[in-house]
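Data first, discussion second: the structure below is written as structure tokens.
The values are calculated or read from the model by the stated rules, or taken from the named source; none is laboratory data. Please read all numbers here as calculations on a predicted model, not as lab measurements. Cβ placement follows ideal geometry from the backbone for every residue including glycine, while neighbour counts extend to all protein chains displayed. When the accessible area is computed, the model is the full protein with side chains, heavy atoms only, and any ligands, DNA or RNA have been set aside. Shrake-Rupley method; radii C 1.70, N 1.55, O 1.52, S 1.80 Å.
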There are 2 protein chains.
Amino acid sequence: MLLTDRQVLILQVIVDDFIRTAQPVGSRSLSKKDEISFSSATVRNEMADLEELGFIEKTHTSSGRIPSEKGYRYYVDHLLLPQKLNRSEIQSVRSIFAEQIYELEKIVQKSAKILSELTSYTSIVLGPAVNNNKLKRIQIVPLNQDTAIAIIVTDTGHVENRVFHFPASVDPGDVEKMVNILNERLAGVPLINLNGRIYKEVASILRQHIKSYDVLMGSISETLSIPASDKVFFGGKTNMLNLPDFNDIEKIRNLMAMIEQEDGISQLIRRNPKGLNVKIGRENDNSAMEDCSLITATYSIGSEKLGTIAVLGPTRMEYSRVISLLEFISADLSKVLTDLYQNN
Amino acid sequence: MLLTDRQVLILQVIVDDFIRTAQPVGSRSLSKKDEISFSSATVRNEMADLEELGFIEKTHTSSGRIPSEKGYRYYVDHLLLPQKLNRSEIQSVRSIFAEQIYELEKIVQKSAKILSELTSYTSIVLGPAVNNNKLKRIQIVPLNQDTAIAIIVTDTGHVENRVFHFPASVDPGDVEKMVNILNERLAGVPLINLNGRIYKEVASILRQHIKSYDVLMGSISETLSIPASDKVFFGGKTNMLNLPDFNDIEKIRNLMAMIEQEDGISQLIRRNPKGLNVKIGRENDNSAMEDCSLITATYSIGSEKLGTIAVLGPTRMEYSRVISLLEFISADLSKVLTDLYQNN
DNA sequence: GTTAGCACTCTTATATAACGAGTGCTAAAT
DNA sequence: ATTTAGCACTCGTTATATAAGAGTGCTAAC
């Protein structure tokens with residue numbers, strides 16, 4: 001059941017051509033290509049076989065062929081030649097890190113923008129996973145008698161804030177003491193563990209020093225237990241509208257609705273494992289993604305996965321280029337972030 | 001040049017009907033309405049006059065009539081009967097303020113969501129204008145030797161943060177001193193004035209107490225002079241895609257591109273004065289808005305304008321309902337915010 | 001195993017006609 | 001002087017027929 005060399009060649013040319021033109025590829029136009037040295041009749045025979053094997057399909061009885069999902073899959077798995085980025089692309093990517101930035105989020109956001117500009121598809125960047133960031137400092141700023149705002153600063157320069165309420169009877173001095181103790185004991189602890197550590201290590205000390213222990217402990221612990229929701233950044237949300245693949249108004253509706261509803265797409269991306277992943281059409285298991293492919297790559301600090309950077313395009317996507325770009329950006333991103341935050 | 005009562009009646013019925021059905025209205029179907037007690041021929045004569053006066057137009061030579069922009073304008077200015085909100089609408093709006101929320105931004109964001117759900121158009125909420133918020137507290141958290149993060153908390157519970165850099169030679173104690181002085185002197189000052197006040201009132205005190213005055217003054221002043229950019233919240237960005245008015249793919253492209261590019265739409269909204277405003281089609285002075293109307297209402301704390309809440313819909317919008325809703329929400333919003341923040 | 005040739009299929013474009021909704025105008029009715 | 005009935009006319013929509021073109025599958029010859 002293996003494909004012959006010639007079948008592979010024909011498949012490759014069909015996919016390449018369709019990615020370029022978005023038009024079904026006919027036997028005659030194929031046979032005229034430089035790579036193809038045999039007649040259109042031969043091509044027709046091979047194409048019939050490829051179709052029977054499920055790698056290509058027709059849009060109607062007498063049309064040229066387009067790649068099927070299985071065809072794209074084979075193409076991605078076996079036929080992709082890594083493409084070198086050109087100078088201007090490299091320059092664009094590097095410009096992400098050009099300014100002296102410290103905030104992780106800004107870097108990530110800028111990556112999304114650049115990525116969508118370079119691909120003219122839609123880019124989506126997840127994370128960074130704030131929950132794994134480590135506590136740098138916690139501050140509490142009272143707003144009025146029974147409301148205060150807790151500000152959590154992480155080692156990555158991320159600032160998270162939460163309003164919390166407590167009875168007006170609480171002594172302001174107590175609040176200050178509590179903050180001091182928390183900072184002393186919890187600096188360096190990942191946010192996700194804060195609440196647990198409070199009970200395990202800090203509770204007893206707090207109880208000794210603080211009058212309104214019960215109340216304060218209750219509200220601060222409640223406040224800290226809210227997990228920081230990871231942000232999703234988009235670039236080029238409307239880029240897909242310009243592709244000939246989405247000339248159908250119904251497709252546009254579905255696609256835009258899915259993009260707008262951030263949760264769905266972020267879960268779709270999140271479930272991909274570390275490294276680079278390509279999901280083609282229905283492999284995404286989502287009806288709105290039928291005509292789309294999603295390529296994801298993770299970025300890390302050291303060896304710890306931090307977030308995911310992804311490109312959403314039509315199934316007829318420039319896989320080679322996008323993959324090269326994603327690999328390059330995610331590697332660069334990981335390197336810069338590791339340098340910046342690894343040993344703080 | 002005034003319209004006769006009968007012309008006004010016909011105009012009203014045409015606009016109402018077109019808003020409901022999105023179909024051109026013919027003389028015969030008009031004459032069959034209960035409100036209309038005369039024949040289709042009479043209606044035809046009146047319609048010819050109304051067309052000559054510019055209030056209605058044809059889509060082609062022998063089509064029914066649709067309202068022109070001038071027609072909508074007349075309708076909005078003279079024919080609108082304020083519509084009472086029904087119980088469930090009022091309930092939805094009130095739910096915005098149901099939870100005990102303190103953060104202004106959350107309230108505003110939720111308003112946008114509810115508004116788009118109730119109208120099935122797109123809603124846009126500007127503000128609140130952070131620059132007018134007053135400083136509650138400023139904190140500086142060092143991240144490493146030459147980087148720190150300045151956190152600004154306002155009286156409305158808004159937290160703004162900015163990374164800033166300074167030479168490693170600066171004494172940490174100096175930074176702390178500076179923060180204390182800033183907090184003492186600048187609490188209650190609107191953010192927009194912070195930078196000016198530093199030079200006028202705080203500079204001399206700082207100079208006395210701080211060794212690395214020049215450097216620190218430079219970076220903190222630079223940091224504070226960045227104006228806080230007001231946020232824009234959207235609701236129902238893709239709602240417009242479901243309207244029959246946007247069955248044309250080109251229109252969708254333009255509209256979505258305009259919505260996505262937040263600056264444009266936010267300026268469009270911002271230039272409307274206090275109170276309620278209706279801009280119809282080309283009155284918006286923007287080619288992507290040709291088939292859209294924009295209704296804006298401002299909300300305030302006390303008498304101070306804080307931000308704007310807006311609905312973007314087709315020119316064939318349910319003006320009456322949307323206006324009632326906007327008036328209701330903006331009034332409620334202003335009331336709640338005034339109660340919350342007026343005398344802090 | 002490869003290719004030329006050809007009948008066949010299906011899409012696209014174009015022309016034509018029939019239909020219907022709606023108009024504008026004229027002449028009759030009120 | 002208004003209002004209305006009547007009717008010819010316009011234009012968009014739909015249906016149908018036809019022709020052209022791209023491409024296929026199959027057969028037979030190379």
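Solvent exposure of the protein assembly as shown, expressed per residue, is 46 Å² of accessible area, with all protein chains present and a 1.4 angstrom probe. Just checking the listed ones, A:209, A:60, A:165: in the Gaussian network model of chain A with Cα springs under 10 Å, the one fluctuating most is A:60.
For residue B:301, the residues whose modelled amide H falls within less than 5 Å of its own, excluding neighbours fewer than 5 places apart on the same chain, are B:306. When you restrict to C-alpha pairs under 8 Å that are six or more residues apart and normalise by the size of chain B, the relative contact order lands at 18 percent. Net length available on complete extension from residue A:49 to residue A:327 is 96.6 nm, with 0.36 nm assigned per residue and the Cα-Cα distance removed. Region A:201-236 and region A:121-191 have their alpha-carbon centroids 7 Å apart. For region B:131-225, relative contact order (Cα pairs under 8 Å, six or more residues apart, normalised by length) works out to 30 percent.
Extension gain for residue B:20 to residue B:285 (0.36 nm times residue separation, less C-alpha to C-alpha distance): 92.8 nm. In terms of the Cα gyration tensor, with a ≥ b ≥ c the square roots of its eigenvalues, is region A:131-225 rounded because a/c is under 1.5, prolate because a/b exceeds b/c, or oblate? Oblate. Across chain A, the longest piece that holds none of the GluC sites (Glu not before Pro) lying in DSSP loops with up to 12 other C-beta atoms within 10 Å covers A:100-344. Amide H to amide H distances under 5 Å link residue B:56 with B:51, B:68, where only residues 5 or more positions off or on other chains count and H is placed in the peptide plane. Counting only Cβ charges, +1 for Lys and Arg and -1 for Asp and Glu, the dipole size of the protein assembly as shown around its Cα centre is about 420 debye. Taking Cα atoms only, the orientation of helix A:319-341 departs from the longest principal axis of chain A by about 20 degrees. Taking chain B as a Gaussian network, where each spring joins two C-alpha atoms under 10 Å apart, which residue of B:282, B:271, B:316 fluctuates the most? Highest fluctuation among the options: B:271.
Counting only C-alpha contacts under 8 Å and six or more residues apart, can you give the relative contact order of region B:5-79 as a whole percent? Relative CO of region B:5-79 lands at 35 percent. I need the shape label for the protein assembly as shown. Rule: rounded when a/c is under 1.5, else prolate if a/b > b/c, else oblate, with a, b, c from the alpha carbon gyration tensor. Here the protein assembly as shown falls in the oblate category. Of the residues B:156, B:238, B:42, the one that moves most in a GNM of chain B with alpha-carbon contacts below 10 Å is B:42. Phi angles across region B:183-200 convert, under the Karplus curve 6.51 cos²θ - 1.76 cosθ + 1.60 with θ = phi - 60°, into 3J(HN,Hα) values of 5, 4, 8, 10, 4, x, 7, x, 3, 4, 9, 3, 4, x, 5, 4, 5, 5 Hz, Gly and Pro given as x.
Looking at region A:1-34, the trypsin sites (Lys or Arg not before Pro) that sit in a DSSP loop and have at most 16 other Cβ atoms within 10 Å of their own Cβ are A:32, A:33. When only alpha carbons are used to place a centre, region B:273-332 and region B:1-62 end up 27 Å from one another. Only protein heavy atoms count here, probed at 1.4 Å, and on that basis chains A and B bury about 3100 Å² of accessible area in total.
Contact residues in region A:141-160 by the 50 Å² criterion (accessible area, 1.4 Å probe, full protein complex versus chain alone): A:141, A:143, A:159. Taking the longest Cα principal axis of chain A as reference, the axis of helix A:249-260 is set at about 30 degrees. Each residue of region B:38-43 was assigned a 3J(HN,Hα) from its phi angle through the Karplus expression (A = 6.51, B = -1.76, C = 1.60, θ = phi - 60°), giving 10, 6, 5, 5, 4, 4 Hz with x at Gly and Pro. Taking the longest Cα principal axis of chain B as reference, the axis of helix B:5-21 is set at about 70 degrees. Charging the Cβ of each Asp and Glu at -1 and of each Lys and Arg at +1, and nothing else, the dipole of region B:29-127 about its Cα centre rounds to 280 debye. Carbon-plus-sulfur accessible fraction, region B:181-285 (probe radius 1.4 Å, protein heavy atoms only): 45%. Given axes a ≥ b ≥ c from the Cα gyration tensor, I'd like to know whether region A:5-79 is rounded (a/c under 1.5), prolate (a/b larger than b/c) or oblate. It is rounded, given that a/c, with a ≥ b ≥ c, falls under 1.5.
Counting, for every residue in B:257-267, the Cβ atoms of other protein chains within 10 Å of its Cβ and taking the mean gives 1.
Rounded to the nearest 20, the Cβ-based charge dipole of chain A about its Cα centre (Lys and Arg +1, Asp and Glu -1) stands at 420 debye.
Derived scalar couplings between HN and Hα for region A:116-127 equal 5, 5, 6, 9, 6, 10, 9, 10, 9, 10, 9, x Hz in order, rounded to whole Hz, by the Karplus curve 6.51 cos²θ - 1.76 cosθ + 1.60 (θ = phi - 60°), x for Gly and Pro. Sparse packing (at most 13 other Cβ atoms within 10 Å of the Cβ) combined with a DSSP loop state is found for the following trypsin sites (Lys or Arg not before Pro) in region A:39-101: A:84. Here the calculated FRET efficiency for residue B:304 and residue A:39, from their Cβ-Cβ distance with R0 = 56 Å, stands at 0.10, rounded to the nearest 0.05.
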